[in-house]
Amino acid sequence: MNKLIKHSYTITLVLTTISYVCYPQNIDIAKMSAFADELCSDGDYNGASIEYKRVMYYDPTSIDTVLTKLADCYYFNSQYRLAIQSYQKAFERVSGVQKKKYCKFQLSKCYYENNQANKAIEMLMTLVDEESNVYHDASKYFLGYIFARQYNWKQSSYWLSQVNSEKPPYQNANDLSKRILDGHSLQRRNPLIAGMLSAALPGAGYLYSGHPKIAIASVILNSLFAFGAYESFRGGTYTVGATFLIIGSGWYLGNIYGSMNKAKQYNKSRRDQFVYSLEFSL
């Protein structure tokens with residue numbers, strides 16, 4: 001009996017010791033949170049996100065506050081899908097009108113970066129419509145930027161003109177609203193004309209679209225295929241001639257299609273360069 005009591009005591013002591021070692025007591029949540037904040041400010045977003053999760057695990061009452069910080073880490077680390085999920089959860093849990101609006105504004109940025117521009121626009125529109133909103137000007141400015149990236153010069157100009165340009169960092173908003181309209185007069189290349197030129201003279205469409213080297217290569221290759229087919233048929237080697245003709249025809253059609261694509265790329269490049277030159281303060 002004494003042996004049984006002794007063994008029971010030993011087992012209890014061992015289990016208590018293991019429990020104490022494995023589950024440290026008196027965790028300082030404030031220090032843990034401060035450490036996570038420091039990691040985030042230093043740009044270690046992966047480390048910070050782990051620490052924020054740890055804080056929420058040990059102190060569930062901190063979730064409402066820490067969840068937004070976790071979402072910020074995901075956003076700054078370009079993990080936009082995770083950021084969207086976290087901001088959505090934070091929006092549902094946080095109290096305070098401005099905190100909710102912060103989540104909505106950050107969500108719009110995440111949607112845009114995640115190639116969901118339409119969702120970003122919808123979110124920003126709701127912020128613009130809400131009263132007593134510290135994100136009014138930021139939302140209008142961001143709308144101006146998104147529409148500029150979509151080459152919708154008129155809408156971009158409109159939203160930029162609605163921004164209070166006396167508030168930093170949006171002092172250039174009114175100037176941008178005027179300059180953005182210059183996008184209408186940007187030099188363009190018509191893809192249809194490029195295709196027609198290449199159909200008439202292989203390589204001409206490439207030259208029209210601003211690619212002289214490709215134009216020269218296209219002329220040479222198409223000429224070689226045509227010459228090879230002609231000489232083969234004239235010499236009676238019809239199989240070789242047919243091969244040259246088939247390959248040459250494919251190259252000829254590719255020359256037309258390629259020149260049309262290059263015209264589209266030219267237009268996109270010109271518009272992108274124009275938007276980048278405007279230097280939005282984002």
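Can Gly236 be described as surrounded by fewer than 18 Cβ atoms within 10 Å (Cβ to Cβ) and at pLDDT 90 or above? Against the criterion (surrounded by fewer than 18 Cβ atoms within 10 Å (Cβ to Cβ) and at pLDDT 90 or above), Gly236 does not qualify.
Being within 30 Å of Trp251 (Cα to Cα) and in a loop (DSSP other than H, G, I, E, B) is the filter here, so list the residues in region 180-191 that pass it.
Step one: list which residues in region 180-191 are within 30 Å of Trp251 (Cα to Cα), which gives 187-191.
Passing the criteria: Gln187, Arg188, Arg189, Asn190.
If you go through region 68-83 and keep only what is surrounded by fewer than 21 Cβ atoms within 10 Å (Cβ to Cβ) and of a type in the set (A, V, I, L, M), you end up with just Leu82. A single entry from Ala229, Ala263, Ala217, Ala194 fulfils the requirement of being surrounded by fewer than 17 Cβ atoms within 10 Å (Cβ to Cβ) and either among the small types (Gly, Ala, Ser) or in a loop (DSSP other than H, G, I, E, B) (or both): Ala217.
Only one of these is modelled with pLDDT of 95 or more and part of a helix (DSSP H, G or I): Tyr75, Tyr57, Tyr9, Tyr20. Name it.
Values: Tyr57 fails: modelled with pLDDT of 95 or more; Tyr9 fails: modelled with pLDDT of 95 or more; Tyr20 fails: modelled with pLDDT of 95 or more.
When all the criteria are applied, what remains is Tyr75.
Selection of region 151-179 for residues being modelled with pLDDT under 95 and either part of a loop (DSSP other than H, G, I, E, B) or β-branched (Val, Ile, Thr) (or both) yields Gln162, Val163, Asn164, Ser165, Glu166, Lys167, Pro168, Pro169, Tyr170, Gln171, Asn172.
None of Ala148, Ala120 is part of a helix (DSSP H, G or I), surrounded by 16 or more Cβ atoms within 10 Å (Cβ to Cβ), hydrophobic (A, V, I, L, M, F, W, C) and in contact with a Cys (Cβ under 9 Å, 6 or more places away or on another chain) except Ala120.
Listed by first and then second residue, the pairs with beta-carbon distance under 8 Å, at least 6 apart or on different chains, first residue in region 104-121 and in contact (Cβ under 8 Å) with a residue 60 or more places away in the chain, second hydroxyl-bearing (Ser, Thr, Tyr) and surrounded by 21 or more Cβ atoms within 10 Å (Cβ to Cβ), form an empty list.
Take the conditions assigned to a helix (DSSP H, G or I), surrounded by fewer than 13 Cβ atoms within 10 Å (Cβ to Cβ) and of a type outside the set (Asp, Glu) and apply them to Ile247. Does it pass? It is false that Ile247 is assigned to a helix (DSSP H, G or I), surrounded by fewer than 13 Cβ atoms within 10 Å (Cβ to Cβ) and of a type outside the set (Asp, Glu).
Specify which of the listed residues (Tyr252, Tyr170) is touching a residue at least 12 places away in the same chain (Cβ under 8 Å) and within 25 Å of the chain's Cα centre (by Cα). Walk me through it before giving the result.
Numbers: Tyr252 fails: within 25 Å of the chain's Cα centre (by Cα).
Unique residue meeting the criteria: Tyr170.
The values are calculated or read from the model by the stated rules, or taken from the named source; none is laboratory data. This one's a predicted model, so the numbers in the text were calculated from it and none came from an experiment. We place every Cβ from the backbone using ideal geometry, glycine too, and count neighbours over all the protein chains shown.
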